[in-house]
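Let me begin by presenting the structure, written as structure tokens, before commenting on it.
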Amino acid sequence: MRELFDEVAGQSPLDPTEAVRRATRVPQRKRIYKEAGVAPADGGFAVTLDGKPIRTPSGRQVVAPASGIAEHIAAEWNAQGETIDPLTMPLTRFANSVAEVADRVDAVADDVEKYLGFDLLFYRAGHPEALVAREAAHWDPVLSWAANELGAHFILSEGIVHVTQPEQAIKAARSVFPADPWAVAALHVVTTLTGSALLALALLRGALDSDQVWTAAHVDDDWNTEKWGADEEVAARRAARLVDFRAAVTILDALKA
């Protein structure tokens, strides 16, 4: 599902997991600037380092659509020590990705739409009853919201047996995707991190808050942890994903302000 941007090691630049992998392969640079700031720019606000606007690795200038977003990015740069650690700069990574795909918003939206064909919320456990009930409690309200508010009626399946979703339902959900590249990028990040375009849409449109979305995305994981105990590697990956999830939420909140 993330093969859209082949030029980036076969991964989408909006895939936060791959962004972290690539960041860790790059030697950390020394901090040679004194201060990061924000300045008006054509189309929004630029983040500056000692007065010079930052650019993506390919040379594109980063321009945020809201001052709040630019200020958050500048704060990441100001928080750096003697060396620049990309792992502590999720909003900067996000901004770099948006700058690279700003002229391909439809392609990013198409990537999100693919998830509507096999969304996490469609595939339910058959047992035990307690897990079935927990999935229903977190997921059914989202499906009801999609049906009532978007006119998107999806089909559920038990287990992992694929079910083809109605084209009308997919079109109805796609019709409310945002057109702004930053909002689409945030929608994409939340979708890939949760495995659910419907959860991402519910967050975007205010049907669920970020904590509800994150919890709903991990119903099965939390159930397994309760029954079998925590897996340190799984927990570490989840913590890393949460950093990027919160960055996407920060973007969406700033766009609404």
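Annotations
- For semi-axes √(5λ) of the Cα gyration tensor in Å, the value calculated from this model appears in [x] 34, 21, 16; [y] 40, 19, 15; [z] 26, 21, 18 under label [x].
- Theoretical ellipticity at 222 nm over the chain - DSSP helices of four or more residues, -39500 (n - 2.57) apiece, nearest 500: -16500 deg cm²/dmol
- Per residue, the range 203-243 exposes 65 Å² of accessible surface when a 1.4 Å probe is rolled over the protein heavy atoms with every protein chain present.
- Around Glu226: net Lys/Arg minus Asp/Glu count, Cβ-Cβ under 12 Å: -1
- The residues of the range 36-101 expose, per residue, 44 Å² of accessible area to a 1.4 Å probe.
- Accessible area of the chain belonging to carbon and sulfur atoms, whole % at 1.4 Å probe: 53
The values are calculated or read from the model by the stated rules, or taken from the named source; none is laboratory data. What you see is a predicted model; the values in this text were computed from it and never measured. Every residue, glycine among them, receives a Cβ derived from its backbone with ideal geometry; neighbour counts consider all protein chains shown. For accessibility, only protein heavy atoms count, side chains too; no ligands or nucleic acids. Shrake-Rupley method; radii C 1.70, N 1.55, O 1.52, S 1.80 Å.
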